[in-house]
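Q: I have a structure I would like to understand better, so I am pasting it below and will then ask my questions one at a time.
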Amino acid sequence: MSKSNMMNTYGRFDVIFEKGKGARLFDSKGKEYIDFVSGVAVNCLGHANDKIVKTIKTQAEKLMHISNYYWNQNALDLAEKLCENTDHQKVFFCNSGTESIETALKLSRKYGRTFGTESKNEIIYMDNSFHGRTMGSLSVTGQPKYQENFRPLIGNVKSTKFNDMEDIKGKINDNTCAVIVEPIQGEGGIVCAHKEYLQLLRDLCDKYNALLIFDEVQCGVGRSGKLFAYQKFGVVPDVICMAKALGGGFPIGAVLAKEKAASAFVPGDHGNTFGGNPMGTAIGLCILNELIDGKVIDSVDEKGEYIKSKLVKLQEKYSCIKEIRGMGLLIGMQLNVSTKTVISKCFEKGLLLITAGPDVVRILPPLNVKNKDIDDAFEIIEEVFKEI
């Protein structure tokens, strides 16, 4: 097989995976791995989940795609499920996290023009944030290393310091149409927002009639220990962007919005070809049913604390762990040794982990992970720490 036909856009491990079950993966040579990357917070129910597989088989025999010129019941049911379990009333379906961000940015610009003036089009974003790689989402990503080779980006955006109460007060004004924030910064190092900071953003957005957008692409759909992280912080945004776990491995994204925010869109303002297709929404509904009605979310915090307790014990033994971060099953360990070395050695021993920023190792098991998988994973992590 040739790898030369693929564009050189990823630094991949030299492995080809062929199958998986639960939190375990198997490569083309038969080697077993514990998967604590979960497709970067995507495979919330693990690999080859029986109910997802059954849903795909059943739906494939009916309809996969019909376009948005027509209604489909799966999309209606998934939208209803999302709204019933949140403080929001309207849904737009798309295919990825980046697409959900693009939707939110367009909605905020239209909202500013509809309920303000033509000059109400400025979007504020956070330093050290990550929102995607399309031109719009990249423009509100607060990490210059991702932006520098693709300028000029979209205009009328400006950054503010994450969790800095005074900085945002000096940035927001009547021309602000939106503030976008990750309640838990993922790629930025698993850094949680302060509840008081999110409440200030809510109050300021209310004062200036701007939309508060929560990017929950990574921390949403159960990973925080609630269906959405905003429910952990007790601060309700106007707009929530999601993807990743909503499809459990199948591409689907969505934007949830309050009624007033959503009302800025009218037919023709936004759309896409595949968003809300019968297959994707059937899978999304299956996943929400498992997470909510099947009570998978109810044990996320307990499993997260179990992992953190193991990390604390390791921290007491090995000085290379500086800090333990995160919420639910979105966990990071900040190290004072090379994260690349740790991850590479774990990979060699059959454990998949990834970084979050320059000095944090990210731990993202499936939300239904078993304690046996956690125990086995930490045996490998301790072996690596002993070696380094």
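Here, each number is a calculation from the coordinates, and none is a lab measurement. The structure presented is a predicted model; accordingly, all values stated were derived computationally and were not measured. Heads up, the Cβs are rebuilt from the backbone with ideal geometry, glycines too, and the neighbour counts pull from every protein chain shown.
Q: Sum up the charges of everything whose Cβ sits under 13 Å from the Cβ of PRO144, counting Lys and Arg as +1 and Asp and Glu as -1, but leave PRO144 out.
A: Working: positive: LYS145, ARG151; negative: ASP127, GLU148.
In short, 0.
Q: Measure out, as a whole number of angstrom, how far apart the alpha-carbon centroids of segment 359-375 and segment 71-119 sit.
A: 31 Å
Q: Grab the Cα-Cα distance for GLU61 and ASN173, subtract it from 0.36 nm times how many residues apart they are, and report the gain in nm with one decimal. Intermediate results must be reported in sequence, preceding the final value.
A: On the way: separation 112, 0.36 × 112 = 40.32 nm, distance 5.28 nm.
Full-extension gain reported as 35.0 nm.
Q: On to the next question. For GLU382 and TYR10, what does the FRET efficiency come to when R0 = 30 Å and r is the distance between their Cβ atoms, rounded to the nearest 0.05?
A: On the way: r = 29 Å, r/R0 = 0.98.
Working from the Cβ atoms, E equals 0.55.
Q: Using the Karplus curve 6.51 cos²θ - 1.76 cosθ + 1.60 with θ = phi - 60°, what ³J(HN,Hα) values do you get for each residue of segment 267-278, in whole Hz, with x for Gly and Pro?
A: Running phi through 6.51 cos²θ - 1.76 cosθ + 1.60 with θ = phi - 60° gives x, x, 6, 7, x, 7, 6, 9, x, x, 5, x Hz.
Q: Here's a follow-up. Restricting things to alpha carbons, find the Rg to Rh ratio for segment 219-349 using the Kirkwood radius for Rh. Walk me through the numbers on the way to the answer.
A: Working: Rg = 18.9 Å, Rh = 17.6 Å.
Here the Rg-to-Rh quotient is 1.08.
Q: Can you compute 3J(HN,Hα) from phi for each residue in segment 11-27, using the Karplus curve 6.51 cos²θ - 1.76 cosθ + 1.60 with θ = phi - 60°, rounded to whole Hz and x for Gly and Pro?
A: These are the phi-based 3J(HN,Hα) values: x, 8, 6, 7, 8, 10, 8, 10, 7, x, 8, x, 8, 10, 10, 10, 8 Hz.
Q: Check HIS47: other-chain or 5+ apart residues with amide H under 5 Å from its amide H, H built from backbone geometry?
A: Amide H neighbours of HIS47, under 5 Å, 5+ apart: LYS21, GLY22, ALA23, ARG24.
Q: Still on this structure, please answer the following. Cα-based Rg (one decimal) and Dmax (whole number) for segment 170-216, in Å?
A: 11.2, 32
Q: For segment 63-293, what are Rg and Dmax over the alpha carbons, in angstrom?
A: Taking only Cα atoms of segment 63-293, I get Rg and Dmax of 16.6, 52 Å.
Q: Considering only Cα-Cα distances, which of the following residue pairs are longer than 25 Å: LYS57/LYS81; LYS106/LYS158; LYS226/LYS340; LYS81/LYS232; LYS3/LYS31? Display every interim value, and only then the final one.
A: Values: LYS57/LYS81 22 Å; LYS106/LYS158 16 Å; LYS226/LYS340 31 Å; LYS81/LYS232 19 Å; LYS3/LYS31 21 Å.
Going by Cα-Cα distance, LYS226/LYS340 fall outside the 25 Å limit.
Q: Taking chymotrypsin sites (Phe, Trp or Tyr not before Pro) as exposed when DSSP calls them loop (any state but H, G, I, E, B) and at most 11 other Cβ atoms lie within 10 Å, what is the longest stretch of the chain free of them, the sites themselves excluded? Display every interim value, and only then the final one.
A: Numbers: sites that count: TYR10, TYR69, TYR70, TRP71.
After excluding every exposed loop site, the longest remaining stretch is 72-388.
Q: Can I ask one more? Given H placed on each backbone N at 1.01 Å, which residues far from ILE354 in sequence or on other chains put an amide H within less than 5 Å of it?
A: Result for ILE354 returns ARG362.
Q: Tell me the label-point distance for the pair LYS158, THR114, using the 7 Å Cα-to-Cβ offset, in nm and rounded to one decimal.
A: Simple spin-label model gives 2.6 nm for this pair.
Q: Residues with beta-carbon under 13 Å from that of GLY284, excluding GLY284: net charge, scoring Lys, Arg +1 and Asp, Glu -1?
A: On the way: positive: LYS51, LYS81, LYS244; negative: ASP77, GLU80, GLU290.
Combined, the nearby Lys, Arg, Asp and Glu give 0.
Q: I'd like to know how the chain sits against the 2.2 N^0.38 Å rule of thumb: what's its Cα Rg over that expected value?
A: Rg over 2.2 N^0.38 Å, computed on Cα atoms: 0.98.
Q: Say a paramagnetic label sat at a point 7 Å from the Cα of SER338, along Cα to Cβ; which residues of segment 346-371 have their backbone N under 19 Å from it?
A: Label zone hits: 346-362.
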